[in-house]
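Contents: one structure, followed by commentary.
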Amino acid sequence: MKNGDLKKKSFHPPVSKPNTFSNPFEEFRTFHFRKEEIPLDRIVQSAEVVMDQIRLGYEKLLEEEAKELVWMVQYNTIIKAYEVAEKYIKEIDYSAEDIEDFCFALENTQKIPYLIPGPAGIYISALCNYAKEEEIVLKLSELKTEINLIGFRLPKGKRLMVEGDTGDFTGIGLEGGEMVIEGSSKNWTGAGMRSGKILVKKNIGLHTGEWMMGGEIYVGGRVRGLGNIVEGKVFEREKLVYPGKARNPNIYY
Amino acid sequence: MLVVEKNGYQKQVMTLYRFISDHLYFNRPDIEVKGETYNSVILFSLLTGLLKGKELIIGEPGLGKTTSAEFICSLIYQFPLGVIWGSEVSGHPEQTEEKIIGRPDLGKLNRGEEDVVWTNFAQVPVKIVDEINRLPETKQSMILDGVDRGNWEYLNEMIINDEYCLFATANYQDGGTNTIIAPLIDRFDVIVESRYPGPNLSFLIGKSRRKEQVLRHPKYEKALHRILKSKVAYEKKIPKLEEVCDAFGEYVEETTGIKPLRREDRNHIRTEIESLELDLDASAFTRMVLAELSFCDRYGQKRIVENCEEGCHYTGYLCRQIKNCASNRLPTSIKLFAQGLAWLSGDSEIDIEHVKAIMPFTFSHRIQWKDEVISQKERAKRDDPFQIFLAKEAVKTVSQRYREQSDHLKDALALGSKIFQGESLEPLEGDHPIYAEIKKDLLRRRNQ
């Protein structure tokens, strides 16, 4: 067979340019981000500025008080952390809604690097205590982590309502405020409280009311254990358990 | 229900939806898209039929998995129920290739000739596999190619289905079920659960027996069976089948007032659906989800045989929670069903709401979650089966991330396009796997 015949019969695949990649971002070629400002944008923007300030305050608190991301609950560490939180919060003009947003942002955004339950609780408490509003609702039921020290030093005239559960040291050092916890709270609730009222709709942990000097704790479910109570009242399912004969302090049920 | 009409096909399909929900498959709405509520089984099954898709219907026994598929297929493809029943394949351990695909023509074999008698299942465009997870894992491979491409092969002969859709049902794990192998499960575009309708609707179902009679017609069923059994070439059977199907469609229209879809209607609808494109937000969001379902900073991509390392920067993303990598079929399924939903809603583009609505149903069966995620969330309060619940939660989480950085991401993709076309710019940085993936694509372009 001649070469010419071979050439005639040989199959030529369709010519395609080698190494041509289609642009995987083609549809965005003409995209130019140009933000048209509407009144809502301004509101959102100002809310974001406030949120950034609140976030910054929390980061500063962690920097100063939880350098190694470890924070031990001791009397002096709580006082010191609260003072640091106060310092930053006093300069922010925020509302109760911003506190709610901050609680949500603690776990649901990448912008807040660490959620450490102790400092977070101290910081939220300071935010509540310095808020303009008298009544504040905290939606904590969505959080996977239980926040400690919520309601620290809640002053008279303030009412703090918590949706969900709280961690240890809830409402410690309460200064006349009223706390309502829709879920349960853990150990050392109301420790060192001076006056005011704590209502826990479900159960409460050990050492309840340790060194409390006054005020009332109402529990809708079970009290696992009472602490050394100096003065004040503890009710379990509307029944007075302290002061009372039926249960002695430091006995765990 | 608000539907923007273009040429009446949306209205026709919505009439079918309402007829099914009012007379044939009683259930509660369980999915909301742009303020409109639908029942996910009817919605996704209708879309599966229209889009030539593949759907896996799961649920407890007796909750209408197979019947819903039968009714919907009957109305979309104009096949009487008798033919659909006769072409169903049931999954059981003794199932064979001869019962699913085809068998030798024994008469001809006696004469020394080799010919194949194709099963109804292989021939009709409506394919229903009942209780697919009762097929042993080794036998599931038999239907892989047919399920994927519509190619059915036996004794060196092959038929190719130009138009087909597949519905498979699966019960929850019990003594007689097997795991569906990963390559087979990946071929399903969507998964839905046929739920308990509640005691009141369930009671109504009990009262309205023989409701399937409206979709029966023994004469047409016999005619269709005769064509399917005839020894003419498969390609020649199709127009004959369609002729009888059209006659059955006219009968249904006369008796019920609703108009099933003819082949030309289906083709027309598909042309309209295919013309819909994703808008920029829908595209960027889909890319973001795909990045999280496939990314691994350390090993280049997710692989089921590799575990996440401690101290990885990307611990907050879905890649940390899953074992396997999203397949290339996933974006195809997402686009296909988002197109279908956008078309049905009368929208001219696929937006992020369409994508968010269908996405959990497209990847919940394809993703394998890590044990720690399962143990953490399995007792969470929910209405959906666990896999779909996890997928919905995942879409919600990524959607939150997308809201925070949508403009930045679209900027990064726009910049990526410019760099890809040769402009000397630097890609945008960002704290999400998608930015790392954009960089990888640009690096590939530079090295070209």
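Principal semi-axes of the equivalent ellipsoid, √(5λ) from the alpha carbon gyration tensor of the range B:328-448, are 31, 20, 13 Å from largest down.
Look at where the Cα atoms of the range A:117-144 and of the range B:4-65 average out, and the two centres are 45 Å apart. Take the Cβ-Cβ distance between B:L443 and A:K139 as r, set R0 to 45 Å, and report the resulting FRET efficiency rounded to the nearest 0.05. Taking R0 as 45 Å, the efficiency between B:L443 and A:K139 is 0.55. Hey, any idea what Rg/Rh is for the range A:40-242, computing Rh the Kirkwood way over Cα pairs? Over the Cα atoms of the range A:40-242, Rg/Rh equals 0.97.
Per-residue Karplus couplings for the range B:151-160, computed as 6.51 cos²θ - 1.76 cosθ + 1.60 with θ equal to phi - 60°, are listed in order as 9, 10, 10, 7, 6, 6, 10, 9, 10, 10 Hz, Gly and Pro entered as x.
Less than 5 angstrom separates the built amide H of B:I128 from those of B:V89, B:F167, all sequence-distant by 5 or more or on a different chain. The number of Lys pairs in the range B:322-448 with C-alpha atoms less than 20 Å apart, excluding pairs fewer than 8 positions apart on the same chain, is 24. For the charge dipole of the range B:1-81, defined by +1 on Lys and Arg C-beta atoms and -1 on Asp and Glu C-beta atoms about the Cα centroid, which residue among B:Y38, B:I57, B:F79 has the Cα displaced farthest towards the positive pole? Comparing the listed Cα positions along the dipole, B:F79 ranks first.
Normalised Debye scattering of the protein assembly as shown at q = 0.06, 0.09, 0.11 Å⁻¹ gives log10 I(q)/I(0) of -0.50, -0.96, -1.20, counting only Cα atoms as equal scatterers and leaving out solvent. Placing unit charges on each Cβ (+1 for Lys and Arg, -1 for Asp and Glu) gives the range A:40-242 a dipole about its Cα centre, and among A:G167, A:V241, A:S195 the Cα reaching farthest toward its positive end belongs to A:V241. B:E163 to B:S90: FRET efficiency via 1/(1 + (r/R0)^6), r the Cβ-Cβ distance, R0 22 Å, to the nearest 0.05? The value I calculate is 0.40. Note on the range B:9-261: antiparallel DSSP beta bridges, both residues inside, total approximately 40 percent of the bridges counted. Using a probe of 1.4 angstrom and keeping all protein chains present, the accessible surface of chain B works out to 45 square angstrom per residue.
Rounded to the nearest Å, what's the spacing between the alpha carbon centres of the range B:111-158 and the range B:265-290? Just the number, please. After rounding, the separation between the Cα centres reads 31 Å.
About its Cα centre, how strong a charge dipole does the range A:40-242 have in debye, to the nearest 20, once Lys and Arg get +1 and Asp and Glu get -1 at the Cβ? List each step's numbers first, then the result.
Numbers: 25 positive and 33 negative charges, 160 e Å.
Dipole size: approximately 760 debye.
When the inverse distances between all different Cα atoms of the range B:161-260 are averaged and flipped, the Kirkwood radius reads 17.8 angstrom. Ranked by solvent-accessible area (1.4 Å probe, protein heavy atoms only, all chains present), the residues A:H207, B:H268 order from largest to smallest as B:H268, A:H207. Segment B:E235..B:K11, full-extension length gain: 77.4 nm, with 0.36 nm per residue of separation and the alpha-carbon distance subtracted.
Local charge sum around B:R216 (other residues, Cβ-Cβ under 13 Å, Lys/Arg +1, Asp/Glu -1)? So the surrounding residues net to +1.
Converting phi to 3J(HN,Hα) with the Karplus coefficients 6.51, -1.76 and 1.60 and the offset θ = phi - 60°, the range A:125-141 yields 4, 4, 4, 5, 5, 9, 6, 6, 6, 7, 10, 10, 10, 10, 8, 9, 5 Hz in sequence order, with x at every glycine or proline. Fraction of C-alpha pairs exceeding 18 angstrom in the range B:132-212: 59 percent, rounded to a whole number. Dipole magnitude for the range B:1-158: computed about the Cα centre from +1 point charges on Lys and Arg Cβ and -1 point charges on Asp and Glu Cβ, it is near 540 debye. Would you mind giving the average projected area, over all directions, of the Cα convex hull of chain B in nm² with one decimal? Projected area, direction-averaged: 25.1 nm².
Each label was represented as a point 7 Å from its Cα along the Cα-to-Cβ direction; for A:S95 and A:E238 these points are 3.8 nm apart. In the range B:36-191, the inverse of the mean reciprocal separation of distinct Cα atoms equals 16.1 Å; this is its Kirkwood hydrodynamic radius. Once C-alpha pairs closer than 8 Å and six or more residues apart are averaged by separation and normalised to the residue number of the range A:40-242, the relative contact order reads 11 percent.
So what is the relative contact order of the range B:273-360, in percent, for Cα pairs below 8 Å that sit 6 or more residues apart?
Numbers: 90 pairs, mean separation 37.3, N = 88.
Computed over the range B:273-360, the figure is 42 percent.
Here is how the number arises for the protein assembly as shown: DSSP H runs of 4 or more residues each give -39500 (n - 2.57), the sum is divided by the residue count, and the result at 222 nm is -13500 deg cm²/dmol. Once phi is turned into θ = phi - 60°, what whole-Hz ³J(HN,Hα) does the Karplus curve with 6.51, -1.76 and 1.60 give for every residue of the range A:210-219, x standing for Gly and Pro? Running phi through 6.51 cos²θ - 1.76 cosθ + 1.60 with θ = phi - 60° gives 3, 6, 6, 9, x, x, 9, 10, 10, 10 Hz.
The values are calculated or read from the model by the stated rules, or taken from the named source; none is laboratory data. Because the structure is predicted, anything quoted here is derived from the model rather than measured. Cβ atoms come from the backbone with ideal geometry, glycine included; neighbour counts cover every protein chain shown. Accessible surface is based on the protein model in full, side chains and every heavy atom, while ligands, DNA and RNA are left aside. Shrake-Rupley method; radii C 1.70, N 1.55, O 1.52, S 1.80 Å.
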